[in-house]
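*Asks:* Let me begin by handing over the structure; questions about it come next.
The values are calculated or read from the model by the stated rules, or taken from the named source; none is laboratory data. The shown structure was predicted, so the numbers you read here are calculated from the model rather than taken from an experiment. Here the Cβ is made from the backbone with ideal geometry for all residues, glycine too, and neighbour counts use every protein chain on show. The protein model used for the area step is the full one, side chains on, heavy atoms only, and it has no ligands, DNA or RNA in it. Shrake-Rupley method; radii C 1.70, N 1.55, O 1.52, S 1.80 Å.
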Amino acid sequence: MEEVPHGCPGADSAQAGRGASCQGCPNQRLCASGAGAAPDPGEEGAGPEPEVKGTEHHLRVQMGNAGWGLLTASLASFVSRRVALLDIDICGPSIPKIMGLEGEQVHQSGSGWSPVYVEDNLGVMSVGFLLGSPDDAVIWRGPKKNGMIKQFLRDVDWGDVDYLIVDTPPGTSDEHLSVVQYLAAAHIDGAVIITTPQEVSLQDVRKEISFCHKVKLPIIGVVENMSTFVCPKCKKESQIFPPTTGGAEAMCQDLNVPLLGKVPLDPHIGKSCDKGQSFFVEAPDSPATKAYKSIIQRIQGFCGSHQSNNKNHVNS
């Protein structure tokens, strides 16, 4: 574990990231951005909740094990509307790599931070853009991570977007609580939860489903990743990770949660992620591509009906 530099002024200091002792610190650029100076939103006097303006839908992609952030990237890429993709995996940001944006930096204007654009209709924000190197570790406790997330939601100039997609790390920790709290007034459409077939992953996902129920966050559904392997030559399906307890399908039936679909294991997915290229373009005829498109259409259908229900509730 890397030690804090001798003479560190502290992340909440005016000299954070700018002092002589900050030179060479892996968090120098991150501290200099001012993110570390943001107060813990759970404390009194932390200021008003951030407001994401001009956004029609808010989706939260919550990963169990082996989510990779790929469904998030696929969802953002496939939706042919204006999309904001926010990566709040502070300690393990993978979205810049998957989206082919490694090495990009965030620029600041009079209206706030400008997201990095993959396409004209797809903007991305991640703590990965604030690090000097993809290998740098973010050495922050919970309150600082919360402040970073709040600053992303408050200070990023997304413009008018149709979807805000939030990619979260596995678990039910600070990041998840923060984004639910900050976007409470914006009425999150729901959470998409990723799992793999084996029980060790399903155990974590059951906790995430329980978390969603406790914070009254709608669950759009569960996606089973790496469900089977389809041989590209003989087309025969094999179970690389046998569902010893019935997999996501049995779990969803037990917990009365929708199963959005199953994505088969495809080596092209890993290659596309490593190269930062679109899996849909690289393997348009893959069974995994067809599964992703079906899942995304179901998510869009949920969001459309959720929006109609909200409007009817307001008008009644």
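*Asks:* Residues in region 252-291 that are assigned to a loop (DSSP other than H, G, I, E, B), small (Gly, Ala, Ser) and at pLDDT 90 or above: how many?
*Replies:* Residues flagged as assigned to a loop (DSSP other than H, G, I, E, B), small (Gly, Ala, Ser) and at pLDDT 90 or above within region 252-291 amount to 0.
*Asks:* Something else about it: Any residue in region 280-307 that is on the phi < 0 side of the Ramachandran plot sitting within a Cβ distance under 6 Å of a residue that is open to solvent by 60 Å² or more (accessible area, probe 1.4 Å) and among the aromatic types (Phe, Trp, Tyr)? List the pairs, counting only those 6 or more apart or interchain.
*Replies:* ILE296/PHE78
*Asks:* Considering each residue of region 117-130, count those that are open to solvent by 10 Å² or more (accessible area, probe 1.4 Å) and in contact with a Gly (Cβ under 8 Å, 6 or more places away or on another chain), and give that number.
*Replies:* 2
*Asks:* Go through (1) over 30 Å from GLU119 (Cα atoms); (2) over 18 Å from the mean Cα position of the chain (by Cα); (3) not in a loop (DSSP other than H, G, I, E, B) for PRO232 and report which single condition fails.
*Replies:* The single condition PRO232 does not satisfy is (3).
*Asks:* If you don't mind, another one. So which residues in region 288-302 are surrounded by 20 or more Cβ atoms within 10 Å (Cβ to Cβ) and over 13 Å from PRO258 (Cα atoms), if there are any at all?
*Replies:* If the condition is that a residue be surrounded by 20 or more Cβ atoms within 10 Å (Cβ to Cβ) and over 13 Å from PRO258 (Cα atoms), then ALA288, THR289, ALA291, TYR292, ILE296 are the ones that fit.
*Asks:* Inspect all residues belonging to region 208-223 and state whether any of them is assigned to a strand (DSSP E or B), crowded, with 21+ Cβ neighbours inside 10 Å, of a type in the set (D, E, K, R) and in contact (Cβ under 8 Å) with a residue 12 or more places away in the chain.
*Replies:* no
*Asks:* Checking the structure you have, find out if any residue of region 137-158 is of a type in the set (Asp, Glu) and out of contact with any strand residue (DSSP E or B) (no Cβ under 8 Å at 6 or more places or on another chain).
*Replies:* No, region 137-158 contains no residue that is of a type in the set (Asp, Glu) and out of contact with any strand residue (DSSP E or B) (no Cβ under 8 Å at 6 or more places or on another chain).
*Asks:* Could you please tell me which pairs satisfy a Cβ distance under 9 Å, a separation of 6+ or placement on different chains, a first residue in region 239-251 that is acidic (Asp, Glu), and a second residue that is open to solvent by 40 Å² or more (accessible area, probe 1.4 Å)?
*Replies:* GLU249/PRO243; GLU249/LEU259; GLU249/LYS262
*Asks:* Collect the residues in region 131-186 that are assigned to a loop (DSSP other than H, G, I, E, B) and buried (at least 17 other Cβ atoms within 10 Å of the Cβ), keeping them in residue-number order.
*Replies:* Across region 131-186, the qualifying residues are LEU131, ASP136, VAL138, TRP140, TRP158, PRO169, PRO170, THR172, LEU183.
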